[in-house]
Amino acid sequence: MSVLTFLAQQPEPVQRVVDTVTTGEAVAFWVLGPLALAGALGMLFARNAVHSALWLVVTMLSLGVLYMIQQAPFLGFVQIIVYTGAIMMLFLFVLMMVGRDSSDSVVEVIRGQRLAAALLGIGFAVLMVGSVARALTSVQPKGLAEANTTNGGNVGNIGTKLFTDYLFPFELTSALLIVAALGAMILAFVGRDGKPAKKTQKELVEERFQSGKRVGSIPGPGVFATANSVATPALLPDGSVAEESLFELIEATDKSALSDDVAEVAGTGHQPDPHALKGSES
Amino acid sequence: MTKNLAAEIGDTAKLLADDPIWLILIKVVGIFAFLVVMTLFMINWERKVVARMQHRPGPNRVGPNGWLQSLADGLKLAFKEDIRPVLADKWVFFLAPVISCIPAFLAFSVIPLAGKVSMFGQETSLQLVDLPVGVLVVLACSSLGVYGIVLSGWASGSPYPLLGALRSAAQVISYEIAMGLSIVAVIMFTGSMSTGDIVNAQANLLGGVVPGWFGLLLFPSFVIYVVSMVGETNRAPFDLPEAESELVGGFHTEYSSLKFALFFLAEYVNMVTVSALATTLFLGGYHAPWGGEFMNTGWWGLLWFILKTLAFLFLFIWLRGTLPRLRYDQFMKLGWKVLVPTSLVWIMAVAVIRTGAIQQLSTAQRLIALGVVVGLVLLVSFLLPDKKVSDTKGVPLAGSGFPVPPLDLAVPKSAPKRKVKVANIPAEKAAVTTGKEAE
């Protein structure tokens, strides 16, 4: 709860010294930082795909809380809602569809995939190191105190930026997402020959009635019969035996093998004996 | 109203900022106790009300009038055997109920239960925290709570829970969109996402008569929120992830003992939380419906808040007792084709109205804007193609040539009674007969 109460405090309008780190911030960082790192490593080394996804969720949650502590509560909660709540959930959705026992195959399907991956990975690492190095040396931190107090606060400022300076990238991103969604729909709904892949409910019903097979359910044993044993056939309303209700295994068994059961069900066989509980005396 | 509002923004947050640590602890324990007691109460209340709706007495044995039944059931659950299926994923199976339970409790921390009160000589507000993004906390918690359901379904290693989990994932994601959109209108009117500010913005009476609740001002948003809140909590008629007639128990089929109790607890706590959020956003939170200053001061607020929340909880029970479960495609159609588009159009309308109010247009300009809007609506309605009227004269056939009774079939008044002929089977052979013997 201390994190939440910490968040609840409004930042002072006075510009704070940005270089100092408060105790709460340091504690939160040293808890969340290792957690995020552990999540990332776990994601890489987990064997099961769903476990991998869960480790990634841990990383995302830690990052979200870190954002909140660094005076960006809106960003933090949106990170949780959008990334962990929606995107990772869709990932999990797909992973579950695939099945829980399918593990990654180590056979290389696309030629040169590993080489390309290694090159891109090294390139990305160089970029990361470069940007972090620049952030640590030449960038002067400005702090969020001004952005969080003036002109409608944190959320208001993000909104203003998004719908003025960054409107074009924002709209482009949304267009890209819509195209992707439409493409996925078209791929999912149409079969290879251009016809819809799934039959409608009406078509299925008509097919079933035209097949000439029995449409209703098969009568169970014991329906309109004199006993509810599996071996008792169902009787039709006119008293004749419904052949469909006969159980193949019992029909195929020699009748003498069932004589004990017959006797028991008919009530003519071995009667329950109260003395039987005493053991050898009976 | 707007000027008054600006002065009040951030008041609750300032009041809460200098809470001592013991007061925060008291509030945490108080909220936890409130939610657990509400759960016990809700289970009993639900069983009793549904029973009344079905003309039966309901639980009436344990405790006074049966009100301790849920407590007894809860204690019993704790002592049941804890079963883990062989195919279950050990850690995820254990984690899932915990994950579903914690966010449910966490979400309640931003709900304002009452206004300014004095507790042991300390002035405070009856609310744990008042974040500048308070409403988002509830959304974030509900999106984390789904993980519990989805993971429990997957980790059980059995098909019915998996189906329930898949349904639940799709359901909660789509209804969270509608829920978020319905909240947007409220945020636009208040100009803040903090729950404290939203409640304060509804304090005034409109024209001195009607309470200025957003539930009345933004009625479409209110309706959309109420529908999506039922969908979000997996309650009847939207209880598809645990549809007992289709999926046995849904996602919690394989769970027993305390783990099952945690799922149960999470479901009811979630119900209380979304009801409390509905009260906060749309029914003026802890403000008295009518009445003067006195009714709004101090601990009175808690009474109004609980009464309003109970009204929503009764709605949940009422829906469960009344409506049959929706089919899955109908449910998705309602979410994506009705709730989301309606929300979007309504948000546009609210944005236009707000802009008009802020820029203080003249009456002539407002009338022109209204005229343009009406003209556009008319134009669109003319351009829409007419719905095809289906041919009602022919009798529809289920299959080609399959006999179907005519639509205007007159049912005869009383069918002649006929005795069913019973097979004549000897008593000693009655138990086991083959088909040939009976003939």
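Let me know the mean shielding of B:132-145 by other chains, meaning the per-residue number of their Cβ atoms within 10 Å of its Cβ.
Per-residue shielding by partner chains comes out at 6.
For the pairs A:Lys161/B:Lys14; A:Lys198/B:Lys387; A:Lys213/B:Lys337; B:Lys333/B:Lys388; A:Lys198/B:Lys388; B:Lys27/B:Lys90, note any where the Cα-Cα span goes beyond 31 Å.
A:Lys213/B:Lys337; B:Lys27/B:Lys90
Label B:Leu68 and A:Ala135 with points 7 Å out from Cα along Cα→Cβ: what is the distance between them in nm?
It works out to 5.9 nm between the two label points.
How many Cβ atoms of partner chains, on average, are near each residue of A:87-94 if near means within 10 Å of its Cβ?
That average works out to 4.
Pick out, in residue order, every one of the chymotrypsin sites (Phe, Trp or Tyr not before Pro) in segment B:28-89 that is DSSP loop and has at most 13 other C-beta atoms within 10 Å; say none if there are none.
Here the sparse-neighbourhood loop sites are B:Phe79.
At what distance in nm do the modelled label points of B:Asn60 and A:Asp238 sit from each other, each positioned 7 Å from its Cα along Cα→Cβ?
5.2
Would you mind checking which residues have amide H under 5 Å from B:Val117's amide H? H placed 1.01 Å from N; only 5 or more apart, or other chain.
Residues meeting the amide H criterion: B:Thr124, B:Ser125, B:Leu126.
Roughly what would the spin-label model give for B:Phe382 and B:Leu409, points 7 Å off Cα along C-beta, in nm?
A separation of 4.8 nm, rounded to one decimal place.
Assuming 0.36 nm per residue, please report the length gained on full extension of the stretch A:Thr23 to A:Asp254 beyond their Cα-Cα distance.
74.7 nm
Using a Förster distance of 30 angstrom, determine the FRET efficiency expected from the C-beta separation of A:Leu172 and B:Val389, and round it to 0.05.
0.10
What list of ³J(HN,Hα) values in whole Hz, one per residue of segment B:315-328 in order, does the Karplus curve 6.51 cos²θ - 1.76 cosθ + 1.60 (θ = phi - 60°) give from phi, with Gly and Pro shown as x?
4, 4, 5, 4, 4, 5, x, 10, 9, x, 5, 6, 6, 5
With 10 angstrom as the radius, rank B:Thr280, A:Thr59, A:Thr253 by how many other C-beta atoms surround their C-beta, starting from the fewest.
A:Thr253, A:Thr59, B:Thr280
What whole-number distance in Å separates the alpha-carbon centres of segment B:68-87 and segment B:175-207?
The two parts, judged by their Cα centres, are 40 Å apart.
Can you check what the net charge comes to around B:Leu95, using other residues whose Cβ is under 11 Å from the Cβ of B:Leu95 (Lys, Arg +1; Asp, Glu -1)?
Value of the local net charge: +1.
Going by amide H atoms built from the backbone, whose H comes under 5 Å of the H on A:Val241, apart from near neighbours?
Residues meeting the criterion, in which the H sits 1.01 Å from N, are A:Leu236.
Calculate, in nm to one decimal, what B:Phe219 and B:Thr297 gain on full extension: separation in residues at 0.36 nm each, minus their alpha carbon distance.
Computed gain between B:Phe219 and B:Thr297 is 25.3 nm.
Rule-based calculations on the coordinates, nothing more; no lab input. In this text the structure is predicted, and so the values were computed from the model without any measurement. Neighbour counts are summed over all protein chains in view; Cβ atoms, including those assigned to glycine, are modelled from backbone coordinates with ideal geometry.
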